[in-house]
Every structure is written in structure tokens, then in C-alpha cells.
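A short worksheet on the structure shown next.
Just so it is clear, none of the values below were taken in a lab; they were calculated from the coordinates. Bear in mind that the values here come from a model prediction, so they are computed numbers and not experimental data. When we count neighbours, we look across all protein chains shown, and the Cβ atoms used for this are built from the backbone with ideal geometry, even at glycine.
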Amino acid sequence: MVSVRYLVRDVEASIAFYTSHLGFALKQQFGPAMAILTRGDLSFWLAGPMASAARPMPDGRTPEPGGWNRIVLEVQDLPAIVTEMREAGVRFRNDIVEGPGGRQILCEDPSGNVVELFEPR
């Protein structure tokens, strides 16, 4: 199993986003500090502001959500999923783009972390 950690601003809002829109299941929650979600072989750790992962580094930098690194979730019928998520108010960074391997789009969780939805050709 692979584990990925995302820093989030609000653990509850993030749990709701990932379980409602992207097919994750809540495995364990540690109050408002952290939660572990699963999807297939992925263990997905959501670390809020109270988590140890959010503590400042020795050089003073503070870990924060957002950026361009992302998890990629393979889906079927990408246009239908995007329509449903847009109707639910999910924010997207772009429109669906097509490439040699399939098509993709980037959505954001409530903290601005990127999730790529990818439909293989």
C-alpha cells in the first residue's frame, strides 16, 4: 500500500470532499488534527494545522497546502464526473485536456491541494 500525505486547512471539510466526490473511505480520524482515508491500495493522510506534519521547519518555513504536486485518480467517464462535481461547487484549475494517453483535468480540494482526474485512452 502507498501512503500520501496532504496538508489541509480543515480536516472535516477535506474528509467530506474526498469521500463525497472522489470515492475515498474514512479509515481513521484523530479529531481535528488528522484523518486517514483509503481508496484501493492508496492510504491518504490528511494533516490539519494541529498535526505534527504542520509544524514549522528548523529554517522557519511552515508547511502549507496547495502547490502543483498531486495525486492522480483514474476514472471512467471523465466528462460526467466533472459535470457532477462542478454542479456540487468543486473548483477546477482548467478544462479537460486530451493527450496521447488519455484526458485529464485538475480539481482542488477545499484547501487548494490539486487532484488530477485522469481517464486513460
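Against the conditions (1) more than 24 Å from V2 (Cα to Cα); (2) free of Cβ contacts under 8 Å to residues at least 24 places away in the same chain, where does T19 fall short? Just the number, please.
Going through (1) more than 24 Å from V2 (Cα to Cα); (2) free of Cβ contacts under 8 Å to residues at least 24 places away in the same chain one by one, T19 breaks only (1).
Considering only segment 1-91, give the strands (runs of 3 or more DSSP E) lying wholly within it that have at least 1 residues that are more than 14 Å from the chain's Cα centre (by Cα), exposed (fewer than 11 other Cβ atoms within 10 Å of the Cβ) and among the hydrophobic types (A, V, I, L, M, F, W, C).
2-7
Restricting to segment 66-104, give me the number of residues that are under 23 Å from T38 (Cβ atoms) and touching a helix residue (DSSP H, G or I) at 6+ places or on another chain (Cβ under 7 Å).
4
Report, by residue number, each residue of segment 103-121 that is within 11 Å of V72 (Cβ to Cβ) and more than 19 Å from the chain's Cα centre (by Cα).
The one that is within 11 Å of V72 (Cβ to Cβ) and more than 19 Å from the chain's Cα centre (by Cα): P120.
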